[in-house]
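Coordinate-derived values only; no laboratory data. Note that the structure is a prediction, hence the values are computed from the model and not measured. Because the Cβ atoms are built from the backbone with ideal geometry, glycine has one as well, and the counts that use them run over all protein chains shown.
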Amino acid sequence: MPQQPEDRREKLRLQLPMPVLLKTPTGELHGMARDVSIAGAFVTSKVALSVGTRITITFTLPIKDARPFRSNGTVVRSQQLGNGNFGSAIAFDDVGEES
């Protein structure tokens, strides 16, 4: 049985799916984030985002009394997932509580 490649990412990642709002230069769209860390997230949506697109992402961690967070970021990878869905890896510039 082949071995799985080692995950070399340094930041702790949350594997729980959570809804997100993405603001792009062409408008807003809703998606689902997974694999979220302080450094970035993987987001699935019905719209393909081009590599290099600047976005603002807003999400709330799925825990009791959580406040919404907002971050600016850049799409660093984009792929078609099937069933009309697309995936985008987003690198965050910053993460802070939404005011």
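Okay, which of the range 44-60 sit inside 14 Å, backbone N to the point 7 Å along the Cα-Cβ direction of Asp93? Inside the label zone: 52-57.
Only Lys, Arg, Asp and Glu carry charge here, each on its Cβ (+1 for the first two, -1 for the last two); on that basis the range 18-97 has a dipole of about 160 debye about its Cα centre.
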